[in-house]
Structure formats: structure tokens, C-alpha cells
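What follows is a single structure, written as C-alpha cells, with notes after it.
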Amino acid sequence: MFLEQINATGDIRKISPRDYAALADEIRAFLVTKVGEHGGHLASNLGTVELTMALHLAFDLPKDKLIFDVGHQCYTHKILTGRKDGFDTLRTLGGMSGFPKQAESETDLFDTGHSSTSVSMGMGLAKARDAAGEDYAVVSVIGDGSMTGGMAFEALNNASRMKSNFIIVLNDNDMSISHNIGGMNRAFQNLRTEPGYTRLKENVKQLLNSIPDFGSRMVSGVTRVKNSLKQLVVPDMLFEDMDLTYLGPVDGHDIRKMVSVFEDARRLNKAVVVHVVTQKGKGYKFAEEDPERFHGVGPFDPSTGKLLSAPKKTYTDHVSDMLLEMAAEDRQVVAVTAAMAYGTGLARFEEQYPYRFFDVGIAEQHAVSFAAGLAKGGLKPYVCIYSTFLQRSYDQIVHDVCLQDLPVRLLIDRAGIVGEDGETHQGMLDVGYLRTCPGITIMAPKDGRELKAMLRFSLDFGHPLAIRYPRGAAPESVSDNDEPIICGKAEILRKGRDVILFAAGSMVRPALDAADILAGKGFAPTVVNARFLKPLDEELLAALSSDHRLCAVISENCRSGGLGEAVEDLVFRRRLPLEVLNLEPEDAFIPQGKPAELRKKLKLDASDIADAVIAHGASPGAGRIRKFWERLGGRS
């Protein structure tokens, strides 16, 4: 009933304060229904309903600027800015994004999807406001999980120098995706659970307000007393010790209290941290009981909380199985993750080998350098990180792993096309930036069986190594071939002539299907499973160039720096008589949509591969004609 009145930004002010709780209930019911239909981020959004309502009541959007860290908790914000009808197309191709999107609303300032960025962006925006002489509030909403990212601390350190208003809302639910860990989490627990400090602050504030103005010395003296007492009650007040004003903790489900605190925060000419305590998954029983599983979820039945489709064995599941198997055999095997134990399949490893499992929080840079230390100490670290998040650790891979030639094993989950989470989550860049790192070996399995073989190969490999694999179901086997893994050696799956389909990882199956289509048109293509994206199997490609005119390269990675460019470089350096048809996607950020839809859009399905080969001018028997011409002394 109340939700029907929300059709544009600012409409929440039409709702009477006595009806805020009812509106919050309607929003939660709406979210459970819509996420149940399309999948998405549920627990994080259920936990921030009242917080988002309070932000929209306390600030004048879009004049005031609101930045969500990560952005996976922005669903209520989308509802309050007139986008509730968009939930019928949530996370679909051409539909509404599950993250903030500038193209959708002027209240979405950035296209975000990664954590620990909002304080930096917000501070920059506040400085731009001051430089332009404008007057609006800048509010960055960051979760306590994102505060484990080093970039957030860099920004806080810089924000302490602000001489104008900048508001940082710390949404504290004791979780990121997994439960939070480490010293930062303990500090927040102290703040959450120390009512004495909150009462003390209120009493001192009232005392200060009641004293007549006897001059600055009296006020500063009382302030010193307050700060000294604070140190007795809470010995390590992180934010105020950094010269950031701290307000809280505040009940993140009490709208009126939050609005009042936000209004107080806005009056201060400095950076202010408002500490808001919320419950992840609030209002939906299954998400409250298991917020980790309902952080990001596929379509499900709201009445039971069960997924609508039975999950198939994924590449991540194979990694989980193999790491447990190898850890049982070798006590040096350890696993590292960056707050993603559940998503990367390490939850069972943590359960069985708690002293060999390391969750470093949302800190991919630290994870990689930490793993370098583990490797230097004689352990065998496996660092499991999504492709899109591994980007943040590029310098550490170069400097702390490759330069030192340390056997750190990077297991790159969600490589290639990921799907409905859109541009910020597609894993299309890792090959390009990893290939620039001297000394690293990069592998990609065609199926579950080969992934397990690659993991087995990695166990005693003494140099930096990365294995990239996609999201979703893993076919057990796409070919009868079962050749042993040899470093730098590709695998011929089908021997022919004329055209080479040189495919990597998830693209091997489409390449085999494209070969069937081409065979029906008179071609006899050779299908090669690259296996190694670095180093390339140069000798195999050189040998095949004698009776093949064209090499089509097929991989789920952006073209720039990808496998296709590596093959082109090889052909140029060795002057091979081979044309290269690079079928990797053009350099662009890939939108949201189902993976199959996106592969079709990017012309990466079997029929498109076959069409591209034919359109390039390949013809049946071209390799044999060229070989005959060479025997006659002609030139190719």
C-alpha cells in the first residue's frame, strides 16, 4: 500500500513517520519476491532497508551525493528512486542492473561493484564541491567488511585532513560475504558492545551544551577530560584517534534515530564517521539464519528458501574436492582467500584444515604477498580469488611473486564471462595483465577432469602459476583425449587440415561443435586445446602451419593482451605461413546477462565461430593446395 506511493526520488517524504515500519516491511517482501524470481544480492539488501530510507529522508537527492561501496546493497535505493518496475528485468540482458548504474538514474554517481572504493571517491567528490564553491552533502556508505580493504584505510588517513563536511556511514553487520575476521572486526565489536562509552559521550555532550561560554580554554579543558575518559572506557578508538569525528553506534533499523544523527553529522566541517549497526538478512528467516548463502543467490522459492534448479557440479566444486585431496596427501598445502571462503569453494577446506586455511579479509593485495611469504617458508599456497578481484593485486603478483620466482598458485575463479552481475564482475582481463608478468605460467582447463589434472600438476610446480576457470557447471569431459599435462604443451583433440581452431578453457567445447559444423561444409578442421596460455606451444603451431592456412583463436578474454595477440606475435616472430583470425571479444566492458546470451552477443558460440571462419575466406582443401604449390617451388 505504501510502496505504491514511491514512484520517484523524494516520494518517501510523502510517507508519515508512523508508517515507516510498514513501508520497510513492504520493501522487504518486495525484495524477497523479486530476487526469488531473478536471483541477486538479497541478505545485504534486507539488512539496509531502514538505513537507506533514513539516508533518503535526511538528504536531498540528487543534489546531495550518495555513494554505495560495492553497490550490492542498493536495491532499496533503486526502489526509492522510482525504479521498482525495473525489478521485473533485474540482472537480465538489457534490464536493470543489480548495482548502481549512472545510465539508470542521476542518483547513481558511479558504476560500482568492487569494495573499499567509496571513501576515496566520496572524498574526491567533496574536494571538487569545495573547489567549485558548491554546497551539497557527500555521503559514502561502506560496510565493515569493505573496511578490511587497505584502500579504505588509505582514504580514511587522507580524510582526517578534511576541513569541510564529508560523511562516512559505516554499515556494520559483522559480515562481508563471509563472516568478518581480524583486528578490525574486533575493534568494531568493542564499539558495538560498549554501551558505557555511548552513555558517557551523551552525558559529556549534554554537560558541554549546558556550560556558559567562559572561553575556549574551559571548552577545550572539558573536551580533554572527555577524551581521557573515553580512553579509559574504550582504549583504542580507531576513528577519533585518526582525528575523524565518530558518531555512534546507532541502531541501523531505527529510522528516526539515524535521521537525527545524519543531521548532526551534516553540521560538522570535517570528516565524520557514523557507525550504524544492522543485521544482514533482516526480516527473512532463511537469510537471517544463513546470510552467507543468501548474499548472492540464484532464483529460489521464497516460501522454502530453496533454489529453483538443482545445482550441478561446478569448476569451483572440483577445486574444492582436489584441494582437500591434495591437502590430505601433503601437509604443505595451504589455502588463502580474501573474504570469499564460500564463493571460492574453500568452506570445506576451512572446516577440515582450519590451521592451514587463511581468510585475510577483503584484501587481495595482502593475500598475494602473504602467499609469497608462505611459499618462501616452504609451504604450497593456493590463492583462490575471483578474476575481477584479482586485478587489485597486480603489483603484488609482479613484485612479490614473479620477481621472486615463488611457487604461489593463483586459482582464478569466475574467469571469462560471468553473467548477471555485469561489467564490474566479468573476468575478461586476467589473461591480458598476467601475460605481462615474466616467469608466470597460465593454464585453462577444458573440463572438470582437466582442471583436476592441472591442480595435480601444480602441486610440485616450482614457479608462479595461475589456473583460470569459469563460473558455473563443469562438464566432466568434453573429449576422450586424456593426455598428461606437460608444461607448455597443447593438446590436439581433432586432427585435420586447412583450419586450426585454437581454443582455451571454456571455449574448447564450442570449438569442437564449430568443427562439426565446418565438417558438414566440407572442411576438416584441426581442433587444439591450448591448455597453456603462457607459455604457448610454439612448436605445435609451427608444425601445423605446414598444412594449415588459417588459425582461429577462441578464448574468453578481452582481445588486448589476450591469447590471440600472443599467437599473432608468434606468427610474426617466427614468420610462420599462417593467417590468424582473432575471435576474442573486442576491448569493451561486457554487460549483464545470462552467459549463453552474452556468448551469442559476442559471437562466441559454435555457429558464430564457424561463420567467422567461412567469412574470413577459408576454403576446404586450402592447406593441401598450398602444400602442392610449395612442392612445385611456388610461394604461399
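At-a-glance table
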read-out: Cut-off of 10 Å, at most 15 other beta carbons, DSSP loop: longest stretch of the chain lacking such GluC sites (Glu not before Pro); value: 135-475
read-out: Among beta bridges that DSSP assigns inside the chain, antiparallel share in %, nearest 5; value: 15
read-out: Karplus-derived 3J(HN,Hα), 6.51/-1.76/1.60, for each residue of segment 414-420, Hz, glycine and proline x; value: 6, 7, x, 6, 9, x, 5
read-out: Debye-sum result for segment 387-507 in log10 I(q)/I(0), which assumes one identical scatterer on each alpha carbon, at q = 0.12, 0.17, 0.19, 0.23 Å⁻¹; value: -0.48, -0.93, -1.11, -1.40
read-out: Ratio of the Cα radius of gyration of segment 495-561 to 2.2 N^0.38 Å, where N counts its residues; value: 1.08
read-out: Amide H within-cut-off set for ALA466, under 5 Å, with H built and near neighbours excluded; value: LEU410, THR441, ILE442, MET443
read-out: Cα-based Rg of the chain normalised by 2.2 N^0.38 Å, two decimals; value: 1.09
read-out: Average Cα contact separation per residue, segment 315-468, under 8 Å, 6 or more apart, as relative contact order %; value: 23
read-out: Helix-only mean residue ellipticity at 222 nm for the chain, each DSSP H run of n ≥ 4 adding -39500 (n - 2.57), per residue, nearest 500; value: -11000 deg cm²/dmol
read-out: Hz values of 3J(HN,Hα) by residue in segment 431-440 - Karplus curve (6.51, -1.76, 1.60), Gly and Pro given as x; value: 4, x, 7, 6, 5, 6, 8, x, x, 8
read-out: Angle between the chain longest axis and helix 118-132 axis [Cα atoms, degrees, rounded to 10]; value: 70
read-out: Amide hydrogen neighbours beyond the local backbone of ARG471, cut-off 5 Å, H modeled; value: ARG414, ALA415
read-out: Gain on full stretching of the segment that runs from PHE572 to LYS257 - 0.36 nm per residue minus C-alpha separation; value: 106.6 nm
read-out: Packing-based order for 302-313, 512-523, 330-341, using average beta carbon neighbours within 10 Å, highest first; value: 330-341, 512-523, 302-313
read-out: P(r) weight above 24 Å for segment 302-419, C-alpha pairs, percent; value: 27
read-out: Cleavage-rule hits, chymotrypsin sites (Phe, Trp or Tyr not before Pro), segment 274-304, DSSP coil, Cβ neighbours within 10 Å at most 16; value: none
read-out: Within segment 45-84: backbone nitrogen closer than 15 Å to the ASP130 label point (7 Å, Cα to C-beta); value: none
read-out: Phi to ³J(HN,Hα) by Karplus 6.51 cos²θ - 1.76 cosθ + 1.60 over segment 397-405, Hz, x for Gly, Pro; value: 5, 5, 7, 9, 10, 6, 4, 8, 6
read-out: Nearest 10 degrees, 0 to 90: helix 563-574 Cα axis against the chain principal axis; value: 40
read-out: Net length gained if the chain between PHE153 and ALA29 were fully extended (0.36 nm per residue, minus Cα distance); value: 41.0 nm
read-out: Distant-in-sequence amide H partners of VAL334 (H built 1.01 Å from N, under 5 Å); value: LYS380, TYR382
read-out: Rounded to 10°, Cα long-axis angle of helix 195-210 versus longest principal axis of the chain; value: 50
read-out: Pairwise FRET efficiency - THR89 versus LEU268, Cβ, R0 = 35 Å, nearest 0.05; value: 0.30
read-out: Listed pairs LYS380/LYS489; LYS306/LYS594; LYS65/LYS600; LYS312/LYS521 exceeding 31 Å between Cα atoms; value: LYS65/LYS600; LYS312/LYS521
read-out: Ranked list, fewest to most other Cβ atoms within 10 Å of each Cβ, for ARG494, ARG13; value: ARG13, ARG494
read-out: Length-normalised contact order of the chain in % [C-alpha pairs under 8 Å, at least 6 apart]; value: 11
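Computed from the coordinates by the stated procedures, all read-outs in this text should not be read as laboratory data. Everything numeric here is computed off the predicted structure, so don't read it as measured data. In this analysis, Cβ positions are derived from the backbone assuming ideal geometry, glycine residues included, and neighbour counts consider all displayed protein chains.
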